[in-house]
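The values are calculated or read from the model by the stated rules, or taken from the named source; none is laboratory data. For clarity, every value in this text was computed on a predicted model and none was experimentally measured. Reconstructed Cβ throughout: ideal geometry from the backbone, glycine too, with neighbour counts over all protein chains shown.
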Amino acid sequence: MKRLLVIIVVFIFLAMSVSASESRIGASGAQFLKIGVGSRYQGLGEASTAVVNDVYSMYWNPAGLSEVEQSSISFTNVDCN
C-alpha cells in the first residue's frame, strides 16, 4: 500500500512538471521586438521618454512627434542569429 501511494505521488509530480513546461509553448517567439531602436536611446539605458524629439519618438514616446521639426527617416537592421 505504501509503495502504491509513493508511485501515485511521483506520477502526480511528473504530470505537473510536464504540464508546466508545456504552458510556455510559443512564449519565446519574436524576441527581436524587445530590442529598442536608436543608438542614442539604447545608450541612455532605454530611459529616454522625456528627451525623444526625432523620428524614433514613434517607438519611445509618440507624443514626441509634435517636437519633430523636419522630415526624418530611419532604418534599422536586426541580426537574429
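So the values come out like this:
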item: Test set (1) surrounded by 12 or more Cβ atoms within 10 Å (Cβ to Cβ); (2) outside any loop (DSSP other than H, G, I, E, B) - Asn53 fails condition number; result: (2)
item: Residue within region 15-26 that is under 27 Å from the mean Cα position of the chain (by Cα), modelled with pLDDT of 75 or more and not in a helix (DSSP H, G or I) present; result: no
